[in-house]
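Q: Input: one structure, supplied below.
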Number of protein chains: 2
Amino acid sequence: MNGPGVKRGRPPAFDRTTALAAATRLFWEHGYEATTIGELTRAMDIKPGSLYAAFGDKKSLFKEVVHAYGLSPVGAFIGTALEEERTAHGAFRRILREAAAVYPDPSHPAGCLTISAATNVTVQDADISTFLSDLRNANLAAFETRLTTAQRQGELSAAANPRALAAYFAAIIQGMSQRARDGATATELTETAELALAAWPPAQG
Amino acid sequence: MNGPGVKRGRPPAFDRTTALAAATRLFWEHGYEATTIGELTRAMDIKPGSLYAAFGDKKSLFKEVVHAYGLSPVGAFIGTALEEERTAHGAFRRILREAAAVYPDPSHPAGCLTISAATNVTVQDADISTFLSDLRNANLAAFETRLTTAQRQGELSAAANPRALAAYFAAIIQGMSQRARDGATATELTETAELALAAWPPAQG
DNA sequence: TTCATTCTTGAGTCATCGCTCAAGAAATGG
DNA sequence: CCATTTCTTGAGCGATGACTCAAGAATGAA
């Protein structure tokens with residue numbers, strides 16, 4: 001019996017993670033449909049045959065990219081803040097401030113991949129569009145859950161509306177991503193974040 | 001000498017405004033590149049030859065669509081509010097509330113065409129992307145101008161930052177457009193608008 | 001060495017993209 | 001009527017899209 005780690009046949013000539021990172025950059029920058037297989041193979045430094053053998057079709061590659069993105073610091077900072085911060089207010093303050101720093105960071109394409117990579121799509125790729133909008137709406141639901149918890153724990157005023165607050169923060173985050181893609185600086189986005197936090201409801205009244 | 005209104009030759013079989021409206025719907029819904037000439041000719045009920053004779057190439061048609069959109073109620077409500085409202089606060093309050101009502105209106109595609117029709121674009125169509133982002137940034141500049149005026153007139157506190165406020169409102173509006181495309185209702189967006197208005201700086205302090 | 005397995009390669013498939021054009025049809029002017 | 005002008009039509013162009021596949025190369029097992 002062979003150990004499960006034993007590799008047979010010709011080994012891959014490329015590093016899967018590195019290739020995926022190259023694909024991520026392209027999808028992040030131009031979006032799903034505007035990124036061609038030709039551009040992908042060139043950036044990943046592999047031929048079409050290898051790409052399809054390793055990742056399936058274009059949609060599968062994209063979904064794997066989105067999954068990996070969600071595990072990266074840039075793609076996970078929202079969930080991390082929701083988990084790590086004790087208070088909901090602290091969590092959203094941290095989320096907005098980190099978004100302001102991360103979205104315009106020149107070390108990667110501007111904005112959030114989940115927000116901007118599949119906004120313009122043909123009918124036959126509508127599933128890719130809903131794939132991302134489902135992720136965004138899941139984020140919205142997580143916001144609402146966190147805010148409802150805060151309200152039950154007394155942090156958030158009983159007069160506050162968790163669902164409305166969640167939608168508001170979702171909108172601000174998506175807007176900040178778009179502004180980053182339009183050239184907004186970290187300074188501008190930080191100011192936007194601070195202004196946005198003014199909407200946080202006053203303590204129990 | 002012939003009068004300038006005299007038409008010669010075979011008259012067009014389609015109404016230009018109607019055809020443009022059909023093209024607008026498609027670009028609005030799917031974006032620039034994801035809308036094909038085939039879909040356009042079918043929706044406009046004309047053949048490719050007529051389309052190219054009447055509108056030039058695809059980019060020219062798109063720019064004409066954007067221009068017409070900017071003159072329509074949906075595309076002009078921001079500029080209208082900035083002009084008609086006496087106070088800056090009244091203007092932005094009206095802009096956000098109208099956006100909340102207009103963006104999810106089911107009588108047309110969701111969100112704002114200028115915001116969402118060219119976010120995912122190939123390199124050869126990068127000019128279309130910047131064409132729209134220039135419009136968005138021009139809007140941002142108009143916001144700042146209005147707020148600076150309000151500050152000079154004493155409506156806005158001297159401690160306020162017109163540029164930061166302008167960027168904040170631009171982000172909120174773009175975020176509301178995206179949320180509308182993700183299925184947000186007018187009710188949700190109205191709540192978002194009201195929360196966003198809480199960022200308006202208190203009177204002179 | 002030989003076999004089986006896995007990956008690479010380059011040529012190529014089919015569909016669709018934006019776009020063009022010659023020929024015909026519908027109007028006006030003489 | 002004919003000539004001129006303008007628009008419509010249907011066929012089709014070259015380029016490019018996603019994707020495939022047979023043949024060769026590199027590995028471990030026997």
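The values are calculated or read from the model by the stated rules, or taken from the named source; none is laboratory data. The structure presented is a predicted model; accordingly, all values stated were derived computationally and were not measured. Positions of Cβ are backbone-derived with ideal geometry, glycine not excepted, and every protein chain shown enters the neighbour counts. Ligands, DNA and RNA are stripped out before the accessible areas are found, and what is left, the full protein with its side chains, is counted by its heavy atoms. Shrake-Rupley method; radii C 1.70, N 1.55, O 1.52, S 1.80 Å.
Q: Cα centroids of region A:1-67 and region B:91-160: how far apart, whole angstrom?
A: Measuring centre to centre over Cα atoms gives 38 Å.
Q: Additional query: Placing the label point 7 Å from Cα along the Cα-to-Cβ direction, what are the distances from A:R25 to the equivalent spots in the other copies, shortest first, in nm to one decimal?
A: Counterpart label points of A:R25 in the remaining copies fall at 4.2 nm.
Q: Considering only protein heavy atoms and a probe of 1.4 Å, how much of the accessible area of chain B is carbon and sulfur, as a whole percent? Provide the component values of the computation, followed by the final result.
A: Details: 5330 of 9770 Å².
Carbon and sulfur together cover 55 percent of it.
Q: Could you tell me the number of lysine pairs in the protein assembly as shown with C-alpha atoms less than 23 Å from each other, where the two lysines are 8 or more residues apart or belong to different chains?
A: Numbers: A:K7/A:K47; A:K47/A:K58; A:K47/A:K59; A:K47/A:K63; B:K7/B:K47; B:K47/B:K58; B:K47/B:K59; B:K47/B:K63.
Within the protein assembly as shown, the lysine pair count is 8.
Q: What's the minimum Cβ distance from chain B to the axis relating it to A, in whole Å, and which residue gives it?
A: B:G175, 2
Q: Continuing with this model, one more query. Across bins of 20 angstrom width beginning at 0, how are the C-alpha pair distances of the protein assembly as shown distributed, in whole percent?
A: 25, 52, 20, 3, 0
Q: Counting only other chains, what is the mean number of Cβ atoms within 10 angstrom of the Cβ of each residue in peptide B:126-138?
A: Working: counts 2, 0, 0, 4, 1, 0, 1, 4, 1, 0, 5, 4, 0.
Per-residue shielding by partner chains comes out at 2.
Q: With every protein chain left in place, what is the accessible area per residue of chain A in square angstrom, probe 1.4 Å?
A: 48
Q: Further, regarding this structure: Which listed residue (A:A68, A:G79, B:A171) has the Cα farthest towards the positive end of the charge dipole for the protein assembly as shown, taking +1 on Lys and Arg C-beta and -1 on Asp and Glu C-beta about the Cα centre?
A: A:A68
Q: Along Cα-to-Cβ, 7 Å out, sits the label point; list in nm, shortest first, how far the one on B:K59 is from those in the other copies.
A: From this label point to the equivalent ones elsewhere in the assembly: 3.2 nm.
Q: Using only the C-alpha atoms of region A:76-197, find the volume of their convex hull and express it per residue in Å³. Walk me through the intermediate numbers first.
A: Details: hull volume 12.2 nm³, N = 122.
About 100 Å³ per residue, rounded to a whole number.
Q: Additional query: If the label for B:A141 sits 7 angstrom from Cα along the Cα-to-Cβ line, what are its distances to the same label in every other copy, in nm to one decimal, shortest first?
A: 4.4
Q: A further question follows. Once you order the gyration tensor axes a ≥ b ≥ c over the Cα atoms, which shape class does region B:16-69 get: rounded for a/c under 1.5, otherwise prolate or oblate by comparing a/b with b/c?
A: On the way: a/c = 1.34, a/b = 1.18, b/c = 1.13.
The shape class here is rounded.
Q: Report Rg(Cα)/(2.2 N^0.38 Å) for region B:124-177, keeping two decimals. Intermediate values should be presented prior to the final figure.
A: Numbers: Rg = 13.6 Å, N = 54, 2.2 N^0.38 = 10.0 Å.
Normalised Rg, Cα atoms only: 1.36.
Q: Apply the Debye scattering formula to chain A, with a single equal point scatterer on each alpha-carbon and no solvent, then give log10 I(q)/I(0) at q = 0.09, 0.11, 0.15, 0.18 Å⁻¹.
A: Summing over Cα pairs of chain A leads to -0.43, -0.60, -0.95, -1.21.
Q: At B:K47 and A:R10, where each label point lies 7 Å from the Cα along Cα→Cβ, what is the point-to-point distance in nanometres?
A: Distance between label points: 5.1 nm.
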